[in-house]
Amino acid sequence: MDASTSWHLGCASVIAGAAVVHGGRKVKLRRPIDVTDLSFCILGAFFGLGPWVACYYGKGSLPFEEIGVLATTYSGLGLFLAGLLCAKLLRPLAIYSEAGRTSGMFHLFQNAKDVSFGAIGFLYGTAWGIRLFLAAKYGMSISGTVNEETLSNLPYFWFVISSISDVIAFACLVSSSGILFCDRQNARRALFVVLPEFIWLFSQGRRWVLVFLIVVAIAFLANERRVRIRSPDQRNRRPPLGAHFALRPS
């Protein structure tokens, strides 16, 4: 094992260790999972365990990288973790209104039901029309087909249109994810955007799948949904016999 691989795995172990410690503390305190915890989990899996998996399949080695580049990269990741911890500590100082969070992405997801679903459907259908056209004429579809050869044959006009359509499709995904959890009336219709977009992003590679999961998870948490961790004793605890038949005052 060369020095580059050793440094890479050492830094990755620190990231993974921080995520494990944070997760263990969360389980011990039995608190709801929030966006910060999700960020720890994703960062630990991608940058902590990821290099170890790549090293295993690479027969004990990783591609060579300068030590300075590795130090800069993992220092940035460490600062990001420190920022997450600061956000966690400063959360009690956040300002809330009676309707919940009043600004930022949480506000967007909480008020997604105010967005016209007809407009979302039209824009998303247009984005898919552009995708199908580019796939049929230029072969731009799944991950790996958008290479230098494909882009060299693509007119710049269609390159710009493709980039804009991707942004529009992502905006439709964000709005539909919010509708999925805050608007019961249109929740089923929102699936006609969320599910096809998941299939499309899945064909584009694992990083885009990760982006999809982050968007849906934030929409889930923004609408006051919580994933609670219970101990085995709490899961197996049953109400006393006759509790469901107790007499109640009329």
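The values are calculated or read from the model by the stated rules, or taken from the named source; none is laboratory data. Quick caveat: nothing in here was measured; it's all calculated off a predicted structure. Note that each Cβ is placed from the backbone with ideal geometry, even for glycine, and that neighbours are counted across all protein chains shown.
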Long-range neighbours under 6 Å by Cβ, at least six apart or interchain, first residue closer than 18 Å to ALA135 by Cβ within segment 188-206, second not polar (S, T, N, Q): GLU197/LEU173; PHE198/PHE212; LEU201/TRP208; LEU201/VAL209; LEU201/PHE212; PHE202/VAL209; SER203/ILE142
Wholly within segment 34-135, which helices (runs of 4 or more DSSP H) include no fewer than the required count, namely at least 1 residues that are surrounded by fewer than 17 Cβ atoms within 10 Å (Cβ to Cβ) and at pLDDT 85 or above? 50-57, 67-90
Mind checking whether some residue in segment 161-173 is within 27 Å of PRO32 (Cβ to Cβ) and not β-branched (Val, Ile, Thr)? yes
Within segment 197-250, restricting attention to residues that are more than 20 Å from SER177 (Cα to Cα) and assigned to a helix (DSSP H, G or I), which residue is modelled with the highest pLDDT? ASN236
